[in-house]
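Q: Right, I'll just put the structure down here and ask away after.
The values are calculated or read from the model by the stated rules, or taken from the named source; none is laboratory data. The structure presented is a predicted model; accordingly, all values stated were derived computationally and were not measured. Glycine also receives a Cβ, built like all others from the backbone with ideal geometry; neighbour counts cover every protein chain displayed.
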């Protein structure tokens, strides 16, 4: 009897802790401490993307890569040199860019509200604005995250997935956010934005063409022309789809037509667990948007630091 009571008390304490953490996150968290934070952040977002139309895709990816490594704590922004404390040095973070936009947001917010707004919240706000600006859903997200003091190259390499993952690995890696299979496919739909690097595509082109690409010879030949087997510029990039600056359902239509760029893109169109959702999203924009918003909300609540945990960095690159 006592052991059952002890287990019940432990469960209640755990639930209380989790609800307490979530209670500290709120859509109006900065209403009194920094009421103009979203306007300031959006101003710097607009300034940043005016210089680079691919910046919105980078900012969405930044949020994914931050939250996937020990939670949404802005650890991806920390500069750690070469001593294994810089997540940006991980091979999994190749192509992470436009961090200057977050830096600009932070500097402007610090001028208005010193020591109040976290870098982790700014990453989330930037990603939200990137989705909305690009034609995606207008997401109402909670704020109140705090920043980590540390980062780890090794953790980034271990916890971030490569481009050639299987559907099992995809569902497992995104499952830590508490998302459903349908929501995992919706999150992958963010591939409708931005570009892919040739280094992540060559495995599907050489020495033999991947079977899922063989149904589209023109597309495959174009990829081979842009990404030769050897030589060429190692930084060459390929548009994810024909509308890669618009947040739309083109990604899912491309997957169904055999034009998925990455191994995982092709795989979700064939796997019986995920293909029904690819088909649904390809023809139902609102369903994709609603599901993406639900999944993104869960992801950006993952293992957040709140209350007295973590810090509010003055500079997003330095842990003080």
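Q: If I ask for residues that are touching a residue at least 40 places away in the same chain (Cβ under 8 Å), touching a helix residue (DSSP H, G or I) at 6+ places or on another chain (Cβ under 9 Å) and part of a helix (DSSP H, G or I), which ones from the range 281-320 would you list?
A: 281, 288, 289, 290, 291, 292, 293, 294, 295, 296, 298, 299
Q: Considering only the range 178-185, I want to know if a residue exists there that is within 16 Å of the chain's Cα centre (by Cα), within 13 Å of residue 265 (Cβ to Cβ) and not assigned by TED's automatic domain parsing to the domain that holds residue 130.
A: From the range 178-185, those within 16 Å of the chain's Cα centre (by Cα) are 178-179, 183-185; that's our starting set.
Within this subset, residues satisfying the condition of being within 13 Å of residue 265 (Cβ to Cβ) are 185.
Among the residues that remain, those that are also not assigned by TED's automatic domain parsing to the domain that holds residue 130 are: 185.
Yes: the range 178-185 contains one or more residues that are within 16 Å of the chain's Cα centre (by Cα), within 13 Å of residue 265 (Cβ to Cβ) and not assigned by TED's automatic domain parsing to the domain that holds residue 130.
Q: Still on this model: Determine whether the range 76-89 contains at least one residue that is touching a residue at least 24 places away in the same chain (Cβ under 8 Å), in contact with a helix residue (DSSP H, G or I) (Cβ under 6 Å, 6 or more places away or on another chain), closer than 17 Å to residue 190 by Cβ and crowded, with 18+ Cβ neighbours inside 10 Å.
A: Taking every residue of the range 76-89 in turn, at least one turns out to be touching a residue at least 24 places away in the same chain (Cβ under 8 Å), in contact with a helix residue (DSSP H, G or I) (Cβ under 6 Å, 6 or more places away or on another chain), closer than 17 Å to residue 190 by Cβ and crowded, with 18+ Cβ neighbours inside 10 Å.
Q: Considering only the range 203-218, state which residues are buried (at least 16 other Cβ atoms within 10 Å of the Cβ) and in a helix (DSSP H, G or I).
A: Residues satisfying the conditions are 204, 212, 213.
Q: Considering only the range 107-142, state which residues are surrounded by 24 or more Cβ atoms within 10 Å (Cβ to Cβ) and over 16 Å from the mean Cα position of the chain (by Cα).
A: Listed by number, the residues that qualify are 109, 117, 118.
Q: Looking only at residues that are under 15 Å from residue 69 (Cβ atoms) and surrounded by fewer than 20 Cβ atoms within 10 Å (Cβ to Cβ) in the range 296-309, which one is farthest from the chain's Cα centre (by Cα)?
A: Restricting attention to the range 296-309, the residues satisfying the condition of being under 15 Å from residue 69 (Cβ atoms) are 299-300, 302-305.
When the remaining residues are screened for being surrounded by fewer than 20 Cβ atoms within 10 Å (Cβ to Cβ), the result is 302-303.
Details: 302: 12, 303: 15 Å.
Among those that are under 15 Å from residue 69 (Cβ atoms) and surrounded by fewer than 20 Cβ atoms within 10 Å (Cβ to Cβ), it is 303.
Q: Give the residue that is modelled with the lowest pLDDT, with candidates limited to residues of the range 94-124 that are closer than 18 Å to residue 47 by Cβ and part of a loop (DSSP other than H, G, I, E, B).
A: 97
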